[in-house]
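The next block holds one structure in the form of structure tokens; read it before the comments.
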Amino acid sequence: MPTTLITGANRGLGLEFVRQYAEAGWRVLACCRDPKAAADLTDLAGGSGGRVTVHALDVTDPARAAALAAELDGEAIDLLLNNAGVYEREGPLGQLDLAAWERSFRVNTLAPIQLSAALVEHVARSQGKRIVNVTSLMGSIGDNQSGGSYAYRSSKAALNMATVCLAKDLRPRGITCLLLHPGWVKTDMGGPDAPVDVPTSVAGLANVIAKRAGTKKHAFVDFEGADLAW
Ligand SMILES: NC(=O)c1ccc[n+]([C@@H]2O[C@H](COP(=O)([O-])OP(=O)(O)OC[C@H]3O[C@@H](n4cnc5c(N)ncnc54)[C@H](OP(=O)(O)O)[C@@H]3O)[C@@H](O)[C@H]2O)c1
């Protein structure tokens, strides 16, 4: 049974990733900041016959990431899915909230790379050997048509660059790193006007992950498999 570890698993895309991978027969290590407050996730885990386990993880806490790596010592993670992310409310130029910008970098950029480093041995000993970082088309420099959203855009653009570094560092170990854009999706982050529903986005992303498995080539692609401008 392949294993995936998913961050931000208590709601939105993360919760649906848990549901779909569990239904597909995977073992799921579902991570969230506060398991006690994650009713939907704990319900899902409770009905999964032990396939889904819930783990406390604030992705901005390197000590907790190290402790989780130790708890999972010797285990294999076929797919590390760095999904947790934030879109901080931002004012226009001149009213930028620098603390929010820093938080965006901590969650969206530093955390996925730091967790990948903490769990690299678990991924390396697996069959699947995949690290997927959920990014955004808003992190594309080539596609930036509207400006604004300084914190979110720059934190995801930096994630894209750091993931290319990761991909090149880990390719000799047979690990494939992907950057996936889920589309504009109806979640708390995407809002009710988003054109893509959560199950459609996640099914598309899982399909892309399966198709790109083992290619050992990094890519920046959307939930329909289209390559995106860097
Ligand atoms: N929805 C879209 O249209 C869209 C478009 C492009 C990219 N994305 C990306 O897709 C990913 C998932 O987004 P979503 O739409 O599902 O957003 P969401 O509904 O707002 O969910 C965000 C998730 O990230 C978690 N998270 C935030 N900070 C965390 C931290 N410090 N430690 C652990 N977990 C943390 C949240 O947990 P809490 O409940 O504890 O806050 C929540 O589970 C993000 O990386 C986002 O940038 C989304």
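Bear in mind that the values in this text are calculations on the coordinates, not laboratory data. Here the structure is a predicted model, which is why all the values come from computation and not from measurement. Neighbour counts run over all protein chains shown; Cβ positions are idealised from the backbone, glycine included.
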Projected label distance in nm at residue 67 and residue 23, using a 7 Å step from Cα toward the beta-carbon: 3.4
In Å, descending, principal axis extents of the Cα set of the chain: 50, 40, 34
Segment residue 143-residue 53, extension gain: residue separation times 0.36 nm, minus the distance between their alpha carbons: 28.6 nm
Fluctuation leader among 175, 141, 77 - the chain, Gaussian network, Cα springs under 10 angstrom: 141
Positive-end extreme of charge dipole, the chain - chosen from 46, 189, 6 (charges on Cβ): 6
Projected label distance in nm at residue 37 and residue 75, using a 7 Å step from Cα toward the beta-carbon: 2.4
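With +1 on each Lys and Arg Cβ and -1 on each Asp and Glu Cβ, and nothing else charged, work out how big the dipole of the chain is about its Cα centre, in Debye to the nearest 20. Before the final figure, lay out the partial values.
On the way: 23 positive and 24 negative charges, 141 e Å.
Dipole size: approximately 680 debye.
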GNM result for the chain, Cα springs below 10 Å: residue of 108, 144, 83 fluctuating most strongly: 144
Segment residue 165-residue 229, extension gain: residue separation times 0.36 nm, minus the distance between their alpha carbons: 21.3 nm
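Quick check on my link table: of 156/186; 129/217; 168/216; 129/216, which ones sit more than 21 Å apart, alpha carbon to alpha carbon?
Details: 156/186 19 Å; 129/217 12 Å; 168/216 9 Å; 129/216 9 Å.
Beyond 21 Å between Cα atoms: no listed pair.
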Under the Karplus curve 6.51 cos²θ - 1.76 cosθ + 1.60, θ = phi - 60°, whole-Hz ³J(HN,Hα) for the range 212-229, x wherever Gly or Pro sits: 8, 4, x, 6, 6, 10, 5, 7, 10, 9, 9, 5, 9, x, 7, 5, 10, 5
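If each residue of separation counts as 0.36 nm, what is the full-extension length gain between residue 1 and residue 188 once their alpha-carbon separation is subtracted? Working shown, then result.
Working: separation 187, 0.36 × 187 = 67.32 nm, distance 3.16 nm.
Fully extending the segment from residue 1 to residue 188 adds 64.2 nm.
Quick one: if the Förster radius is 22 Å, what FRET efficiency do residue 219 and residue 197 give, using the C-beta to C-beta distance and rounding to 0.05? Spell out each step's value before the answer.
Details: r = 24 Å, r/R0 = 1.09.
The calculated FRET efficiency here is 0.35.
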